[in-house]
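The values are calculated or read from the model by the stated rules, or taken from the named source; none is laboratory data. Just so you know, these numbers come straight off a predicted model, no measurement behind them. Glycine also receives a Cβ, built like all others from the backbone with ideal geometry; neighbour counts cover every protein chain displayed. Please note that ligands, DNA and RNA were not included when accessible areas were found on the heavy atoms of the full protein model with its side chains. Shrake-Rupley method; radii C 1.70, N 1.55, O 1.52, S 1.80 Å.
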Amino acid sequence: MSTNFERHFQESVDGCTLEQLRDILINKSGKSPLANRFRALFNLKCTAEEFESQPEEAQKAVNYISEAFGDDSELLKHEVAYVLGQTKNLNCAIPLRKATLDQNQQCMVRHEAAEALGALGDKDSLDVLETAFKEDPSVDVRATCELAIDRIKWQHSEKKTKESLQPSLYSSIDPAPPLALERDYNVEELKELLNDPKKPLFERYRAMFRLRDIGTDEAALALATGFDDDSALFKHEIAYVFGQMGNTVAIPHLVEVLGRKQEASMVRHEAAEALGAIATGEVLPVLRKYLDDEDPVVRESAIVALDMYEYENSNELEYAPA
Ligand SMILES: [Fe+2]
Ligand SMILES: [Fe+2]
């Protein structure tokens, strides 16, 4: 989910109480369209972030968001995990640790919960991440845990205090920081590091985020080479980064990845949402085509991406909080 995407869904659902937002999020009425459920989720997130100024309200919001882990939609639940990880509210670690270890949750949900624990950076999450790193049956969840462990260790390291990082244009807390500015890498070197399977994943991600922050067409095209990797986890992050960058040179690469029928749901999902975030005219027919994809994660991603596309391209200012 890109930063644009997030901004889009933070459009306030006017005048709703936290309880009304929860009811929309969990679809109590059975009639809430998916996009409105996303909107309720991102509105609850804004309150969950206020843990210093309004601790009680924030805790309520965390609890209400976490109720959605009982839903069936893999897409919605993974977004719930993402949102909890972005709040900086350490109380979110409790439901996230549970979701990381819960084998009844789908792979993409466990992955996003582990990633979110990395984003929160709480050392007390290391035990859970180590357990999932050893025991989870999914290679993508295990690799996510490896990254999250490295991120938490980096965050609390001596090394971090000595690094100077380019301030990010994006508000997201990422699975890895960009490579530090002490060394002046060119795009070609970063591309090599990005695609070097012998390097630790954390380093490859640092190259990825450095390329994102360079932000040129050349950097975007270097990132696109990552779509040939074997790891679904790695590819989903490239797609996520493209959604943030909004660079149109990524469009043909995202369209190709979305069209890969054998590709993991998380990769196709992130490609669809990135296309929705880029929102130029050529992506509209592409996204419409996936509204009846066989994979429910892709179908739902197309719904959400089209909601964003339509919003970006209309003057509509308010959504009914149905
Ligand atoms: Fe996602
Ligand atoms: Fe993810």
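Values for this structure:
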{"quantity": "Accessible surface of segment 134-174, 1.4 Å probe, proportion on carbon and sulfur as whole %", "calculated": "53"}
{"quantity": "Volume in Å³ per residue [convex hull over Cα atoms, computed for segment 81-159]", "calculated": "74"}
{"quantity": "FRET efficiency for Val139 and Thr225, using Cβ-Cβ distance with R0 set to 22 Å, rounded to 0.05", "calculated": "0.55"}
{"quantity": "Accessible area per residue in Å² at 1.4 Å probe, computed on the chain", "calculated": "43"}
{"quantity": "FRET efficiency, 1/(1 + (r/R0)^6) with R0 22 Å, evaluated for Asn104 and Lys199 via beta carbons", "calculated": "0.05"}
{"quantity": "Protein accessible area in segment 185-263, 1.4 Å probe - carbon and sulfur %", "calculated": "50"}
{"quantity": "Using a Förster distance of 25 Å, the FRET efficiency for Ser168-Asp295 (Cβ separation, nearest 0.05)", "calculated": "0.20"}
{"quantity": "Protection proxy ranking, peptides 107-114, 51-58, average beta carbon neighbours within 10 Å, highest first", "calculated": "107-114, 51-58"}
{"quantity": "Estimated inter-spin distance, Asp127 and Glu56, nm [label 7 Å along Cα→Cβ]", "calculated": "3.2"}
{"quantity": "Of the trypsin sites (Lys or Arg not before Pro) in segment 155-211, those whose Cβ has at most 11 other Cβ within 10 Å and which sit in DSSP loop", "calculated": "Arg183, Lys198"}
{"quantity": "Sorted largest first, extent of the chain alpha carbons per principal axis (Å)", "calculated": "52, 45, 36"}
{"quantity": "Ordering of 248-254, 135-141 by burial proxy (mean other Cβ atoms within 10 Å per residue, highest first)", "calculated": "248-254, 135-141"}
{"quantity": "Spin-label proximity, Glu218 to segment 176-212 - amide N less than 15 Å from point 7 Å beyond Cα toward beta carbon", "calculated": "184-192, 211-212"}
{"quantity": "Gain on full stretching of the segment that runs from Asn313 to Asp72 - 0.36 nm per residue minus C-alpha separation", "calculated": "83.7 nm"}
{"quantity": "Rounded if a/c under 1.5, otherwise prolate or oblate - segment 3-122, Cα gyration tensor axes", "calculated": "oblate"}
{"quantity": "Accessible-area ranking of Met245, Met266, largest first, probe 1.4 Å", "calculated": "Met245, Met266"}
{"quantity": "Whole-number percent relative contact order across the chain, with pairs defined as alpha carbons under 8 Å at least 6 apart", "calculated": "15"}
{"quantity": "Loop GluC sites (Glu not before Pro), segment 163-199 (other Cβ atoms within 10 Å of the site Cβ: 10 or fewer; DSSP)", "calculated": "Glu182"}
{"quantity": "Inter-part distance where segment 108-144 and segment 245-291 are each reduced to a Cα centre, Å", "calculated": "27"}
{"quantity": "Extension gain, Asp184 back to Gln20 (0.36 nm per residue minus Cα-Cα distance, nm)", "calculated": "54.0 nm"}
